[in-house]
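Encoded as structure tokens, the structure appears first; notes follow it.
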Amino acid sequence: MTLIKSISGIRGTIGDIVGEDLTSADIKAFSAAFGTWIKSKNKSNKTKIVIGRDARTSGEMVSSIVSDTLRKLNIDVVDLGLSTTPTVEIAVDGLKANAGIIITASHNPEQWNALKLLNEKGEFISADEGAEIIEIAEKGNFEIKNNKEQGNYCTDETWIKKHIDKILALPLVDANIIEKANFRIAIDGINSTGGIALPLLLKALKVKEIIELNCEPTGKFAHNPEPLPEHLSEISKVVKEKNAELGFVVDPDVDRLAIVCEDGSMFGEEYTLVAVADYILKNKKGSTVSNLSSTMALKEITEKHGCKYFSSAVGEVNVVDAMKKNNSIIGGEGNGGIIYPELHYGRDALVGIALFLTHLAKENISCKTLRNKYPDYFISKNKIELTPDIDVDKILKAIQSKYKNQKITTIDGVKIEFENEWVHLRKSNTESIIRIYSESKNREKANELANKIIDDIKSLI
């Protein structure tokens, strides 16, 4: 496997092979670099960093190294223990900390782990800030002292409940109407911290019956942890067999939400945001944001409500930046990521569940009927593997030139928009590949468009 250092942190497979695995030395160096960088911005006061982790088996070991390293830098550590990504984000702000570290590899398999870095607002650091931290780590510009002046360490396992309390206090979340709907809901916690947070949330929302799958936070993932349709056969079957109204599935750190309809079909990860945005816009006017590779159904629904839609480069931090710039009231990504700034600027499956259930209860229709209210689009996801000597930027410029008569966006690769479809080409930051996403009204047309662009690229190569 490959050790990946990026603007958002460091991730890789846990092991001892230097340069290939995420080793103890890597974890220590990156924690020290981040701690040193945070301290440099907080010279007059004692520095405090919040940490939390998902349930993967390496989490406790990684957490121990992180907290020990930070304390040796004379940084106070507040450890939330088993938590969720959005919970850590909220806790950083709630505890008036200087930063946060989330120990999670998100949707990667259980042998992976990562450090994700948050600023004092509980939001992901910027690209420029990430580059500074990588430079500190690689040059070893930090000093870890094992002396009397060590930072304090304390645990605080109250923040999932506090997170849920904040969700219930939102004006557009209505537990009473959810209670009246008498929902029977299946959930899949992937044997991570969703198994802790989802039952607590649904009970607080007064859901009639909760059918729990894979809710023991053992870190032994019951299936591929990315909440895509091909990985959700178990909950699909259970929803039908138990006559549940719907099912919810999250990834290991609970920032992505997938929904299963009562017939076992997928609501569609792209449509999690569409449905929640529809509900928000019915109650409050404002703009929406999603990234360039997300469905245009959000734009269609937003404009139907008489509001403006904006797109951003791919990546949560880019979506957040665009939301702030345009004062957007709802946004996110087509991977099931909901960002609701009235709560906080971060993808949050828990607030997504609460808003979706309130929407469904108020509509008083089935989950499948709600899905059928939204425009149908299909996204085809492809990639072309390239040799390292190929100039990807040159290829993208050539494609841009060929389709210069179409609407083109170049803030993140090249996106070409046609009348009722689009194609988005991006080069990977970690692999010698070009990602090619296309969307149209049906699978065949989306695949046809993708194949046309792939043929164009191959002709250039």
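Karplus-based coupling profile of the range 234-241, in residue order and whole Hz: 5, 5, 4, 5, 5, 4, 5, 5, with θ = phi - 60° in 6.51 cos²θ - 1.76 cosθ + 1.60 and x standing for Gly or Pro. For the range 259-375, what log10 I(q)/I(0) values come out of the Debye formula at q = 0.12 1/Å, with one point per alpha carbon and no solvent? Computed log10 I(q)/I(0) values: -0.36. Hull volume per residue, based on the alpha-carbon atoms of the range 294-434 and their convex hull, is 139 Å³. For the chain, the share of accessible area belonging to carbon and sulfur comes to 45 percent (1.4 Å probe, ligands and nucleic acids excluded).
Compute the signed sum of charges (Lys and Arg +1, Asp and Glu -1) over the other residues within less than 9 Å, Cβ to Cβ, of VAL414.
Values: positive: LYS397, LYS415, ARG426; negative: ASP412.
Spelling it out: positives minus negatives among the neighbours equals +2.
Measuring max minus min along each principal axis, the C-alpha atoms of the range 218-294 give extents of 40, 28, 22 Å (largest first). Distance distribution P(r), the range 344-387, all Cα-Cα pairs, bin width 10 angstrom from 0: 20, 30, 31, 13, 6, 1 percent. The alpha carbon centroids of the range 55-129 and the range 291-361 are separated by 24 Å.
What the phi angles of the range 56-64 give under the Karplus curve with 6.51, -1.76 and 1.60, with θ = phi - 60°, is a coupling list of 4, 4, 7, x, 5, 5, 4, 4, 4 Hz, glycine and proline written as x. When both the range 215-266 and the range 132-150 are represented by their alpha-carbon centers, they are found 41 Å apart.
Seen from all directions on average, the chain presents a Cα convex hull projection of 21.6 nm².
Please give the net charge around PHE378, taking every other residue with its beta carbon less than 14 angstrom from that of PHE378, where Lys and Arg add +1 and Asp and Glu add -1. Mind dumping the intermediate values first?
Numbers: positive: ARG371, LYS381, LYS441, ARG443, LYS445; negative: GLU269, GLU270, ASP376, GLU421, GLU439, GLU444, GLU448.
Overall, the nearby charge balance is -2.
One equal scatterer on each Cα of the range 1-106, no solvent, Debye formula: the resulting log10 I(q)/I(0) at q = 0.23 Å⁻¹ is -1.34.
Estimated translational diffusion coefficient (Stokes-Einstein, Kirkwood radius over Cα pairs, 25 °C, 0.890 mPa s) of the range 100-140: 215 µm² per second. Evaluating 6.51 cos²θ - 1.76 cosθ + 1.60 at θ = phi - 60° for every residue in the range 273-286, the Karplus couplings come out as 5, 4, 5, 5, 5, 4, 5, 4, 5, 5, 10, 7, 8, x Hz, glycine and proline recorded as x. The translational diffusion coefficient of the range 161-206, from Stokes-Einstein at 10 °C and 1.306 mPa s with a Kirkwood hydrodynamic radius over alpha carbon pairs, comes to 140 µm²/s.
Hydrodynamic radius of the range 291-354 by the Kirkwood approach over all distinct alpha-carbon pairs: 11.8 Å. Amide H contacts under 5 Å for ILE433: LEU386, SER428, restricted to partners 5 or more places along the chain or on a different chain, H placed in the peptide plane at 1.01 Å from N.
The amide H of CYS215, built 1.01 Å from its N in the peptide plane, has GLY189, ASN191 as neighbours under 5 Å, considering only residues 5 or more places off or on other chains.
Computed from the Kirkwood radius of its Cα pairs, the Stokes-Einstein diffusion coefficient for the range 111-179 at 4 °C and 1.567 mPa s stands at 77 µm²/s. Close amide H partners of LYS383, meaning residues 5 or more places away or on another chain with modelled amide H under 5 Å apart, are ILE436.
Seen from all directions on average, the range 355-461 presents a Cα convex hull projection of 8.7 nm².
Packing, taken as the mean count of other beta carbons within 10 Å per residue, orders the peptides 273-286, 380-393, 89-102 from highest to lowest as 89-102, 273-286, 380-393.
The values are calculated or read from the model by the stated rules, or taken from the named source; none is laboratory data. Everything numeric here is computed off the predicted structure, so don't read it as measured data. Note: ideal-geometry Cβ built from the backbone for every residue, glycine included; neighbour counts use all protein chains shown. Ligands, DNA and RNA are stripped out before the accessible areas are found, and what is left, the full protein with its side chains, is counted by its heavy atoms. Shrake-Rupley method; radii C 1.70, N 1.55, O 1.52, S 1.80 Å.
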